[in-house]
Amino acid sequence: MSGYSQTKTIPEFFEEAPDTDSMEIWSAFWGILGGLRDRVLDRFELAPHASSAEFGHWTSGSFEGSLNTWSGPEAEWVVHSWIGNRSQGILDMNLQVWLGPQVDVPHLVLVFGTIPKVFHYSDLIARRELATDPGYMDRYYEPANPDFLEFRGDQRFTWSVSHGTYMRAVISPVGHSYTAERNDEVVDVLEERVTSRFDRWLGYVDAATPTDPALRPALADRDHFLREHIYRLDPMNALASKFMEPDMVERLIEARFGAAQLAEAARSPEERR
C-alpha cells in the first residue's frame, strides 16, 4: 500500500472522488453507534444537556446533521452526532464518552465516516502520561495491544495519518485510524471491532477503583483542556467550513465539546470531588 494512500488528506479524498450516495452506509454505521449509545444511556445516570437541544437535526449550507449530548455524575460528557452530506459522500459520525474524575479510566472515542471511502477512527484517550506511568499503560493499553496489532495487519484496511499534529499527539498506542472500501464485509468487521473495544472499555469502567479526591480537580482540568482542544483542532472543521456558514461551524464546535457544561463545572468546583 502506497505511503500516499496513508497520508492523503480527507479533502483530497473527497475532491478526487465523484459524488456518492451514502444513505445506506450512513444508516448502517449510524445504527451501530446508536446501539452503543443506548448501552451508554443504560449504564450511566445521564440527562440531556440543554446546550445541544437546538441541534437535534440541523442544516447549514449543503451540510446537515444531528448533535445530541448528555451529562451526568459518572460520564461527565457524552456526544452522539453526525455531520455531512449523504448524497455527496462526505460524512462524520461519532460517539464519545468523557468520564468524570472519580475514576481515571480512559475516555472512549468511536468514529465512522465516508470520504466517500470508509473512514474509521477509535481510541481510548489516556488520562495520564503513558511514557512515565507504565502501570497505567499495563492496566489499560497492554490488554488491547494484540487486537491493535491484528487489526493493523488486516490488508482490507489502510492506515490513515491525521494531518493535525495535535491530533497525532493525542492518539494512544492502540488508536485505530483507517480507510477501506465501501462494502458489507468492511461494515461487519468494523461493527465487531468497535463492539469489542466498547466491551473492553466498559469492563474497565466497571472494575475501576475511585481516584483520590485530592487529585480529582487536576484530572478534571486536564480532561477539560483535552476535550476542548480535540474538537477545536479537528481537521474535519476545515472541510465543514467550505460547505457551511462560519457561525454555524463555531456553534457546533462549542456544542460538541460542551462549552456550556465546562462553564458550569468551572463555577462549581465542589462537583469534581
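Annotation: the residues TRP159, TRP82, sorted from fewest to most other C-beta atoms within 10 Å of their own C-beta, follow the order TRP159, TRP82. For region 3-272, the dipole from Cβ point charges (+1 on Lys and Arg, -1 on Asp and Glu) about the Cα centre works out to 380 debye, to the nearest 20.
Using C-alpha pairs below 8 Å separated by at least 6 residues, the relative contact order for the chain is 20 percent. The charge dipole of region 98-174, taken about its Cα centre with unit charges on the Cβ atoms of Lys, Arg (+1), Asp and Glu (-1) only, comes to about 320 debye. Counting beta carbons within 10 Å around each of MET167, MET93 and listing the fewest first gives the order MET167, MET93. The GluC sites (Glu not before Pro) of region 71-154 that meet both conditions, a loop assignment by DSSP and at most 12 other Cβ atoms within 10 Å of the site Cβ, are GLU129. Applying both filters, DSSP loop and at most 13 other Cβ atoms within 10 Å, to the trypsin sites (Lys or Arg not before Pro) of region 85-136 eliminates every site.
For SER87, neighbours were defined as the other residues whose beta-carbon sits under 13 Å from its Cβ, and their charges (Lys and Arg +1, Asp and Glu -1) total -3.
No value in this document is a laboratory result; all are computed from the given coordinates. Not measured: the values here are computed from a predicted model. Counting neighbours? That spans all protein chains shown, and the Cβs are built from the backbone with ideal geometry, glycine included.
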